[in-house]
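Written out below as structure tokens is the structure these notes cover.
We did not get these values from a lab; they are worked out from the coordinates using the rules stated. Bear in mind the structure is a predicted one, so any value in this text is a computation, not a measurement. Here Cβ is always computed from backbone atoms with ideal geometry, including for glycine, and neighbour counts include all displayed protein chains.
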Amino acid sequence: MKTKHFLSSGILLLLFLCFYSQSQTFKIINKTGETITNVKLSVADKNDWTSVADSTVTLIKNQSYQFSIPVISPGCKYDFRFAPVSKSGKAYVVRGVDLCENSEIKLIIPK
């Protein structure tokens, strides 16, 4: 009986690890009206930025770009930061995007 319980627990753990170790793919869409670059994301309000599309990638108006991240934060909310090419040194942040509900993220310039 102990062997069956041990095997069942091991299988459940293996399934859990496989499910949570896979990457999820998302698409960002540039709806800013400008060419942008240096797109980064962070768990909402943490300001711990990870590059999604670095400075070698530019997205023209209405262009999309796919990216994958390994695990969604339990709260599902992320902030996205990006920089318009025409405004050197300026960066914008779109806050609180729910990646559990959205696989497409439209980047706009916040007002």
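With the charge dipole of the range 23-107 set up from +1 on Lys and Arg Cβ and -1 on Asp and Glu Cβ about the Cα centre, the Cα lying farthest toward the positive end among the listed residues Asn38, Leu99, Gly75 is that of Asn38.
Each of Asn47 and Thr35 was given a label point 7 Å from its Cα along the Cα-to-Cβ line. The distance between the two points is 3.1 nm. Overall, the range 23-107 carries a charge dipole of about 260 debye about its Cα centre when +1 sits on the Cβ of Lys and Arg and -1 on the Cβ of Asp and Glu, all other atoms neutral.
Explain nothing, just the number: relative contact order of the range 23-107, from Cα pairs under 8 Å at least 6 residues apart, as a whole percent. Display every interim value, and only then the final one.
Details: 190 pairs, mean separation 32.8, N = 85.
About 39 percent, as a whole number.
Apply the a/c threshold of 1.5 to the C-alpha gyration tensor of the range 23-107 and tell me whether it is rounded, prolate or oblate. Prolate, because a/c is 1.5 or more and a/b exceeds b/c.
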